[in-house]
1. Could you derive backbone 3J(HN,Hα) for segment A:142-151 from the dihedral phi with the Karplus parameters 6.51, -1.76 and 1.60 (θ = phi - 60°), listing whole Hz in sequence and x where the residue is Gly or Pro?
2. What whole number of Å gives the distance from the Cα centroid of segment A:198-267 to the Cα centroid of segment B:30-90?
3. Which trypsin sites (Lys or Arg not before Pro) does segment A:117-158 hold that lie in a coil by DSSP with at most 16 other beta carbons within 10 Å?
4. Starting from the Cα of A:Lys154, draw a straight line to each of the aspartates and glutamates and keep only those under 16 Å, dropping any in the same chain fewer than 8 residues away.
5. From the square roots a ≥ b ≥ c of the eigenvalues of the alpha-carbon gyration tensor of segment B:12-145, which class results: rounded (a/c under 1.5), prolate (a/b over b/c), or oblate?
6. Could you compute the FRET efficiency for B:Arg136 and B:Ser95, with r as their C-beta to C-beta distance and R0 at 51 Å, rounded to 0.05?
7. Could you give the length gained on full extension between B:Arg187 and B:Leu167, defined as 0.36 nm per residue of separation minus the Cα-Cα distance, in nm?
8. What angle do you read, to the nearest 10 degrees and between 0 and 90, between the alpha-carbon axis of helix B:164-178 and the longest principal axis of chain B?
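What follows draws every value from the coordinates through simple rules; no lab data is involved. Bear in mind that the values here come from a model prediction, so they are computed numbers and not experimental data. Using ideal geometry, Cβ is built from the backbone for each residue, glycine included, and neighbour counts are taken over all protein chains shown.
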Amino acid sequence: MNRRRFIAGMTAAGLTGTASAFSFFGLFGDDEPTAVELYPRRPLKASRRAFSVDESPTDEADAIGYTNFYEFGTEKGDAQRYGERFKPEPWRLTIDGECERPGDYTLEDILKPHPLEERIYRLRCVETWSMVIPWVGFPLADLLKRFAPTSRAKYVAFETLYDPEQMPGQRRAVVEWPYREGLRMDEAMHPLTLIAVGMYGETLPVQNGAPLRLVVPWKYGFKSIKSIVRIHFSEKLPVTTWNQLQPDEYGFYANVNPAVDHPRWSQARERPVGGWRRRDTLPFNGYAEEVAHLYHGMDLAKYF
Amino acid sequence: MKPLVFAAGMMPLSLLFWRAFNDTLGANPVESLIHETGLWALRLLLLTLAMTPLRRITGWPGWIRLRRMLGLYCFFYAVLHLTVYLWLDQELRLSAIIEDVIKRPYITVGAATFLMLTPLAATSFNRAIRWLGGKRWKQLHRLVYLCGLGAVIHYLWLVKADLAPPLMYLMILLGLLAFRIPPSLLRRLRGYSTGKLETKHERYQT
Ligand code: HEM
């Protein structure tokens, strides 16, 4: 064998050898997250479609595979990598605080009176990516009214399930568990604010917050809390997870606002998931006409 | 050994091209490209720093001959990282880029690290060593330790909540830097902590 052939052979062997070694150690990152079905999703019938944007929805596999869900791990895709133990049914919710009908409810009790609607909403993540998602659900206001909040109820607080057996990311205290979010009462009662039980015509995947979650389309995605087990009416501003972790980076309001930067990155533009190009981010994520009046007279740079 | 390392160094880039052409870079391809190129620049920087300790441990002088190539690969991936940032992430919008460098500490540190890597890559050729003189060349190339710290601080500063991955790289870096503590200083430190200055002779007896 001559020297050149020897080098070429060694190079080829080296290439394949290192490639397999690298992929063995997971050094190239994971491949594309394809949507893994962790429990059988059921088709849902939505009676009507309201408040929908005229944009084509994000590819469903991307919307399922690319999620921040720290309860399963801090990487996108961890929810479907480590979500197989999660049981969205049976499910119970606790309603308590400043209301006349607190109690423990089954998911069926919660859902029964509400006709489902489909709503195609924009979703803007604080990390500057965005999606367009056809949710299936009903207005949060309709649900809250059933428990007759008292006049002392100024805020609504939500909690995600805490169960490290089902949600292994909770074994590490990356944030303080359980995940908590909250809305001012008028935000919660706004007709755009949705309780979602499905997307793309079927029940919610585990990755996206099965069996029920909040959707507030004019706020950064972390406000739209997933897999809710508790709704609490309160007089005081509730503690919310990201605000508690980094108060100078994540405010209580977290309204999408291209003019107010996150300290570590600009919020002026966003990249729709699945694509390569950015586009301008709109104030209140494009819902200014519907919601800007809620914040009339507030300094949005201070109450970010 | 060198052709092998050369081929291995091309692997991450080939795979990124492969994934880009097959549309398997995931839901957010630009983010995948930034993360992979940044991580490879950092990993190659740490590998470069591992050559001297490896020679000391194994006694094989060959490691040092790989050092230059690894260092250049680190710079190569840093250039790719910066290119993806400027072109695909910021879409060459100059005002946004300037704002980023000034206002965001993790970008400032990344840029400073890149600026420190540049003269090291530029003087990595034999002629540059001759031209600078061995001593000055060595002094200049000590900058690589600062580059290591800069890269890890850049990483620590950009994560949202989970500090574990950058901390892992920090531990490796500190381990590699510990090898650079001059033996005289090490001996003195040890002397302070045990309350007396050991001689070499005593150390070998115990
Ligand atoms: C002008 C120089 C640089 C700029 C503008 C820059 C910019 C960036 C950006 C925008 C990100 C992604 C941040 C995010 O996802 O939030 C990033 C990540 C990263 N960069 Fe840089 N960077 C620079 C130099 C460097 C250098 C020199 C290194 C290493 C030697 C490096 C290593 C990394 C690493 C390890 C990550 C994290 C990857 C991950 O999260 O998986 N960067 N950089």
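1. 4, 5, 4, 4, 4, 9, 6, x, 7, 5
2. 37
3. Numbers: sites: A:Arg119, A:Arg122, A:Arg124, A:Lys145, A:Arg146, A:Arg152, A:Lys154; in loops: A:Arg152, A:Lys154.
Loop-located and lightly packed - A:Arg152, A:Lys154.
4. A:Asp96, A:Glu98, A:Glu100, A:Glu181, A:Asp186, A:Glu187, A:Glu235
5. oblate
6. Numbers: r = 39 Å, r/R0 = 0.77.
The computed FRET efficiency comes out at 0.85.
7. Between B:Arg187 and B:Leu167, full extension yields 4.4 nm more.
8. Rounded to the nearest ten degrees, it is 40.
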